């Protein structure tokens with residue numbers, strides 16, 4: 001088990017450097033001069049431009065810029081945005097919002113998705129099963145922004161239960177509706193994945209053994225069926241948590257949630273290189289950690305992997 | 001030997017005088033998209049305590065389906081049991097409630113499956129899966145169940161049971177896994193064990209060990225054993241009597257040695273002839289011509305008639321019942337029966 005963890009952690013290193021290098025290259029080799037953009041319509045003083053470029057290391061070749069950036073990164077310095085605000089500050093404001101939103105969406109999709117998947121998987125072909133299939137298909141085929149606008153219209157405009165957009169991004173009750181919209185797609189996937197997985201495992205030989213042992217039905221389902229069926233679902237949920245932490249540009253935009261997605265969107269528009277690279281770097285780390293946790297969880301759930 | 005053991009087991013229920021298990025006129029069908037597959041068509045057999053019945057047949061002969069019907073582990077639907085009785089200690093299990101039936105499974109009648117690797121739950125330790133028997137039926141505590149699991153593993157001679165109790169099925173060899181299946185079936189000292197091809201997935205050397213172990217434990221606990229197999233070699237050593245199945249019917253029953261010496265059904269004859277023998281080296285192997293019947297369209301008359309070297313017109317029209325087999329002078333042969341109109345001729349076939 002120990003060597004398995006070590007191997008997985010070591011695998012993360014090249015992935016981390018590869019992805020950060022890629023994003024760095026993409027951001028800084030994009031056409032358009034970010035410094036010139038700061039001056040807007042006015043002609044910029046070449047001396048000022050040069051000093052800014054020097055300050056931000058932009059006058060160096062790109063590989064030097066990358067090494068410099070990485071060097072700072074390992075000392076906890078994500079650089080400074082072109083507006084002069086440290087990138088860490090910007091992220092500190094946005095990440096707590098995104099984490100709240102992501103966790104809400106995650107709990108929603110996990111609980112409801114598993115319940116729906118279990119209900120339909122155990123009774124294939126029943127009315128409940130058909131209903132779950134149709135509903136999830138609907139959610140999967142409708143784009144998230146349509147869903148968001150429908151939710152806004154119904155719950156805010158018609159019913160008046162919530163305000164159309166979020167006033168205070170730290171308030172959990174206000175984040176509820178965006179979270180449901182955000183989690184709905186994954187909910188559909190979780191439900192369908194659980195359903196398929198349960199259907200497969202129901203036919204497994206060890207299930208027949210469990211029945212032949214004379215175990216009560218609920219023991220058979222909870223101990224033998226669920227434990228095996230949940231392995232692929234857990235994998236999906238884990239990676240999805242990583243994805244949710246990355247913020248949701250569309251959902252956050254529609255509901256005016258001041259999370260990482262919104263900040264990233266604005267930074268890209270304004271060619272805020274340091275902010276974009278900083279945020280994406282953190283997202284890469286979040287994603288890597290999430291998938292590591294998934295793999296570890298996978299090993300806990302499935303002993304065949306643990307000892308492989 | 002069995003009687004000696006009996007006296008040491010006074011705690012067990014009073015021995016049941018009649019057959020432990022009595023299957024009567026059992027029919028099982030599967031409803032499929034293409035029609036109704038008649039997997040079992042009127043099977044009768046019975047097993048007494050301490051007795052071993054071998055059920056022999058090709059795949060699709062209905063031998064496993066009968067066993068699953070006895071265990072009550074058929075998926076219904078698609079399966080259904082339109083007719084028949086399965087009496088356990090005189091009580092028809094097909095008329096029992098769900099809960100009553102469950103209490104018999106594993107505790108009174110246990111089953112050993114063919115492929116232990118897929119039949120054991122891959123994500124639970126073997127100790128847990130063994131202990132589960134005690135926890136589910138006797139409400140034993142988790143800790144005590146584990147101790148009992150270790151005891152069981154020692155019973156079936158798994159080396160270093162104490163260290164291995166927390167291991168998972170995939171960490172054991174095929175033979176050891178099958179021993180665990182046996183231990184699981186044995187856990188609550190059932191009256192009857194059904195072993196469905198228990199050695200098919202194993203190496204020949206391991207097969208013998210596992211069969212010996214099973215036979216030994218059966219004698220020790222004085223259990224009834226139904227051994228389902230297609231392997232005539234496995235049967236010879238351990239079985240008391242044999243029932244040969246074809247297309248969902250029993251075509252011949254006989255005490256084991258008599259069946260080998262003088263089969264009374266052309267199908268049994270064919271099975272025996274298709275065993276490779278050393279003195280036939282160089283010659284072509286004998287095979288029964290044709291294929292097992294499609295259960296959706298079982299041939300009219302005797303189901304074996306299209307493949308039978310002895311088939312006459314009557315075989316294509318009438319279904320033969322299981323005739324008692326006798327000597328030429330009419331002396332009854334105990335336990336012998338053949339569902340062939342020409343059993344007499346077959347018996348004399350040399």
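The values are calculated or read from the model by the stated rules, or taken from the named source; none is laboratory data. Source: prediction; values computed, not measured. For neighbour counting, all protein chains shown are included, and Cβ atoms are generated from backbone atoms with ideal geometry for every residue, glycine included.
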Members of region B:267-314 found to be in a helix (DSSP H, G or I) and over 22 Å from residue B:336 (Cα atoms), listed by number: B:278, B:279, B:280, B:306, B:307, B:313, B:314
Sole residue being under 25 Å from residue B:212 (Cα atoms), more than 9 Å from every other protein chain (Cβ to nearest Cβ) and in contact (Cβ under 8 Å) with a residue 60 or more places away in the chain, chosen from B:150, B:182: B:182
Test: residue in region B:94-101 that is within 30 Å of residue B:255 (Cβ to Cβ) and crowded, with 21+ Cβ neighbours inside 10 Å: no
So residue B:127, is it facing another protein chain (nearest Cβ under 8 Å) and either crowded, with 17+ Cβ neighbours inside 10 Å or within 16 Å of residue B:183 (Cβ to Cβ) (or both): no
Within region B:75-106, considering residues that are facing chain A (nearest Cβ under 10 Å) and under 19 Å from residue B:40 (Cβ atoms), the one modelled with the highest pLDDT: B:101
Residue in region B:227-237 that is touching a residue at least 40 places away in the same chain (Cβ under 8 Å), over 24 Å from residue B:23 (Cβ atoms) and surrounded by 20 or more Cβ atoms within 10 Å (Cβ to Cβ) present: no
Matching residues, region B:242-266, being assigned to a strand (DSSP E or B) and surrounded by fewer than 21 Cβ atoms within 10 Å (Cβ to Cβ): B:255
Check on residue B:184, out of contact with any strand residue (DSSP E or B) (no Cβ under 6 Å at 6 or more places or on another chain), modelled with pLDDT of 85 or more, crowded, with 16+ Cβ neighbours inside 10 Å and closer than 20 Å to residue B:109 by Cβ: yes
Some residue of region B:191-207 being crowded, with 18+ Cβ neighbours inside 10 Å and in a helix (DSSP H, G or I): yes
Those helices (runs of 4 or more DSSP H) lying entirely in region A:214-270 with at least 2 residues within 13 Å of chain B (Cβ to nearest Cβ) and closer than 30 Å to residue B:139 by Cβ: A:227-245
Residue within region B:205-224 that is within 19 Å of residue B:43 (Cα to Cα) and touching a helix residue (DSSP H, G or I) at 6+ places or on another chain (Cβ under 6 Å) present: no
